[in-house]
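What follows is a single structure, written as structure tokens, with notes after it.
Coordinate-derived values only; no laboratory data. Values in this document were obtained by computation on a predicted structure and should not be read as measured data. Backbone-built Cβ (ideal geometry, glycine too); neighbour counts: all protein chains shown.
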Amino acid sequence: MSPDAWMRANLSTQGYCLSDAERRELWLGLRFSTGLCLALVVTALALESLALVFALTGVGVVAGFTARHPFDYVWNHAARHAVGGPALPPNPARRRHAFKLATVWLLVVGVLLAAGATSLAVVLGGLLVAACATVTATNLCLPSETLAWWERRNTSNEAITT
């Protein structure tokens, strides 16, 4: 499989139904929210900032339970105009579920920081950074992959009746 086809499949796994032309136009926009989150999580971990971790947790709650990540609004209303990109479509369900998982992960990191378990918080935060960097760079979203696998597994076990 070519790298282009693999990244297209990764976006499909997240729930996007995009033509090749749409995917090429949205290549930067679809990475904007995860890239900005990546930079902010790295900053929060480097500073061991409870305030920033918990603020990002709030951003994650909105991202997980609404059709648009809060940073999608930044892209749609400001950043895209600077680079000449198109507006982002709403986030599909699998991508929103991944945001929910990242939100819980951030909350755990914040609680660990608050409890003084800084080393463990940084390690878990580093794993979150790695996952976020992967989805930002390659569109490979492991929670979406897991959900897609689960759906295929459960669908194939259902009896087909006529």
Checklist line | Stretchable slack from Trp150 to Ala67, in nm (0.36 nm times residue separation minus alpha-carbon distance) | finding: 27.7 nm
Notebook entry, point to check: What are the principal axis extents of the Cα atoms in the chain, in Å, biggest first?
Noted result: 58, 46, 30
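Go ahead and run the numbers for FRET between Leu120 and Leu47, Cβ-Cβ distance against an R0 of 25 Å, rounding to 0.05. Numbers along the way, then the final one.
Details: r = 17 Å, r/R0 = 0.68.
It comes out at approximately 0.90.
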Item checked: Note, ³J(HN,Hα) from phi for the range 54-62, Karplus 6.51, -1.76, 1.60, rounded to Hz, x at Gly and Pro -> 6, 5, 5, 4, x, 4, x, 4, 4
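Tell me the relative contact order for the chain as a rounded percent, counting alpha carbon contacts under 8 Å between residues six or more apart. Don't skip to the end; give the middle numbers.
On the way: 173 pairs, mean separation 51.0, N = 162.
About 31 percent, as a whole number.
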Note to self: If packing is taken as the average count of other Cβ atoms within 10 Å, what order do 64-71, 36-43, 103-110 fall into, highest mean first?
What the structure shows: 103-110, 36-43, 64-71
